[in-house]
Amino acid sequence: MSTIAITGSLNIDLIMRASHCPSKGETVVGGPFGMAGGGKGSNQALAVSRLSAKSYMIGCVGNDDFGRRLRAVLTENHVDCTHLHTRPQAGTGTALVTVTDDGESAIVMSQGANALLTPEDIIEAKQVFSSCDAALFQMETPAETVAAGLRIAKQYGCKTFLSAEPPFNLPNEVWTNIECMILNERALSFYASSSSRSTVNNMARDILDRGVNYLVVTRSARGGLVFTRTGENFSFDAFNIRAVDNTGARDAFCAGLCVAMSEGMPIRRAAKFGAACGALACTKIGAHPSLPWRHQVSALLGEPGDDEYEL
């Protein structure tokens, strides 16, 4: 069993179905309403645990019903919440999620207590990193906290993963602390230098040249691209599923990739494993409820049609 520390955001998602996302000034009559756990950090921590890895959650919630609900769900799913802090001066993070009939989602997020996670909280949790195989970060907590976490995790020998969305400027010293960076094409363009934006390959090489070992560019239903410093570049296909809600799909992919690589799977197999996790997460409404279990991923991987091919 691999052991993974997840540092990041925790939200309660308020979910509304609608035929389409409203434009400026438009009111749309929606369908069913629901609430579910969310936030990139808690999604990934829960997904890691369901994929049969030991999961540690480092983050902040408010002293409110939402925070208590999130803590309970994670604890019930065997996520270690020793370093999940309660910040009474702020509410728990909240996201307003509109899910359209074709399974696409639009999200407005209030950071709440997520904005109060500090580098000192990371230092306090350094013994967690010393016992972990990998550390997984996102960009829904302060950038300086993410930078401190990547540095400390690297110092303690963790494989470091950054789901680099939503995109924010990163300090120059951060790049050499990232083993694997996962982002979409829009974020890739944000992080790449202006001189390299002519092709995806050039943008990827620009980021790898800064010290990142693996760069994974996700493309939703079109699968994704993997670039490595050793030149083992390839694409992988998405699984053919009927999408109901894609809200937690990226987080499931990131968790799956992290678990697979921390277990020693080769990058090609790890990307395929992550793609299966992401696909399964599109088949249910809500982030937490959709995150797959290991046996479900294994079953999907046994089906045909998941080939990858060279770029």
Some residue of the range 22-41 being surrounded by 15 or more Cβ atoms within 10 Å (Cβ to Cβ) and of a type in the set (Val, Ile, Thr)
no
Starting from the range 61-83, keep only residues that are in contact (Cβ under 8 Å) with a residue 40 or more places away in the chain and over 18 Å from GLU140 (Cα atoms), then list their pairs with residues that are aromatic (Phe, Trp, Tyr) and assigned to a helix (DSSP H, G or I) whose Cβ atoms are within a distance under 6 Å, requiring at least 6 positions of separation or different chains.
none
Matching residues in the range 178-203 - criterion: being buried (at least 20 other Cβ atoms within 10 Å of the Cβ), under 22 Å from ARG268 (Cα atoms) and touching a residue at least 24 places away in the same chain (Cβ under 8 Å):
ILE178, GLU179, CYS180, MET181, ILE182, LEU183, LEU188
Those residues of the range 106-146 which are within 26 Å of ASN246 (Cα to Cα), in contact with a helix residue (DSSP H, G or I) (Cβ under 9 Å, 6 or more places away or on another chain) and not in a loop (DSSP other than H, G, I, E, B), in sequence order:
GLY112, ALA113, ASN114, ALA134, ALA135, LEU136, PHE137, GLN138, ALA143, VAL146
In this structure, does LEU14 turn out to be assigned to a helix (DSSP H, G or I) and at pLDDT 90 or above?
no
Residues satisfying the stated conditions in the range 147-179, i.e. in contact with a Cys (Cβ under 8 Å, 6 or more places away or on another chain) and outside any helix (DSSP H, G or I)
TYR156, CYS158, LYS159, THR160, PHE161, LEU162, SER163
Scan the range 219-248 for residues that are surrounded by 24 or more Cβ atoms within 10 Å (Cβ to Cβ) and modelled with pLDDT under 95 and jot them down.
ASP245, THR247, GLY248
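The values are calculated or read from the model by the stated rules, or taken from the named source; none is laboratory data. The shown structure was predicted, so the numbers you read here are calculated from the model rather than taken from an experiment. Positions of Cβ are backbone-derived with ideal geometry, glycine not excepted, and every protein chain shown enters the neighbour counts.
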